[in-house]
């Protein structure tokens, strides 16, 4: 039997984020489902609709790669609006099913390839898919809780994303992403010691060529701003 750790790992993450959305479906109040948002603070229904569009984009990317064509890995995903939560939830099933099918048309070598235009550090197709389909929605769901003052729920989303990555069998690059995200959540919530316990892993598990880029990003990241006064943070990210 051919082993497919990258494909299996991405599918593991897809199952995790879909569970988050099923949880929303069960626990949201009518008011939360029908709530309206704006460009800077989208409503939960808009967030799910946006996640569906990102999964469609990831699906398109996989089909382009399978056909031997180049794929634009930095294209802007068109914002989407759903008429209702029920509609968005139904669309999520369709979008996720199509993405699972698309994962079956690419092989491990294609998923492992550096993809997109040349940059100052490697990018991988499996990571692009995970970011569009799982990571970005998870971060947006956590932020939605944060804006509502539900810090525990927001951190729980990020913690489940982190644990899903740990159980995915994907390369360490994924754990770098999840560690950074969880550290940002802790810092936003004012839990600074906990943030500093996980943030170093974002650099330890990253590609060597990407560490400098990530440190520069961390120095400017507003989510990590509460750590800016700490000597351990400043040493970690090379702040002067």
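Each reported figure results from applying straightforward, stated rules to the coordinates on display, with no laboratory input. As the structure is a prediction and not an experimental result, all values here were calculated from the model. So basically every Cβ, Gly included, is an ideal-geometry build from the backbone, and we count neighbours across all protein chains shown.
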- prompt: Could you count how many residues in the stretch 216-229 are over 23 Å from residue 143 (Cβ atoms) and in contact with a helix residue (DSSP H, G or I) (Cβ under 9 Å, 6 or more places away or on another chain)?
  reply: 0
- request: Might you check whether a residue that is surrounded by 20 or more Cβ atoms within 10 Å (Cβ to Cβ) and assigned to a helix (DSSP H, G or I) occurs anywhere in the stretch 66-77?
  value: no
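Being over 19 Å from the mean Cα position of the chain (by Cα) and buried (at least 17 other Cβ atoms within 10 Å of the Cβ) narrows it down to one of 233, 186, so name that one. It would help to see each step written out before you state the result.
On the way: 186 fails: over 19 Å from the mean Cα position of the chain (by Cα).
Being over 19 Å from the mean Cα position of the chain (by Cα) and buried (at least 17 other Cβ atoms within 10 Å of the Cβ) holds for just one of 233, 186, which is 233.
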message: Which condition from (1) within 17 Å of the chain's Cα centre (by Cα); (2) more than 22 Å from residue 111 (Cβ to Cβ); (3) assigned to a helix (DSSP H, G or I) is the one that residue 45 breaks?
response: (1)
message: I'm trying to understand the selection: among the residues of the stretch 190-218, which are over 12 Å from residue 180 (Cβ atoms), free of Cβ contacts under 8 Å to residues at least 60 places away in the same chain and surrounded by fewer than 17 Cβ atoms within 10 Å (Cβ to Cβ)?
response: 190, 191, 193, 194, 197, 208, 212, 216
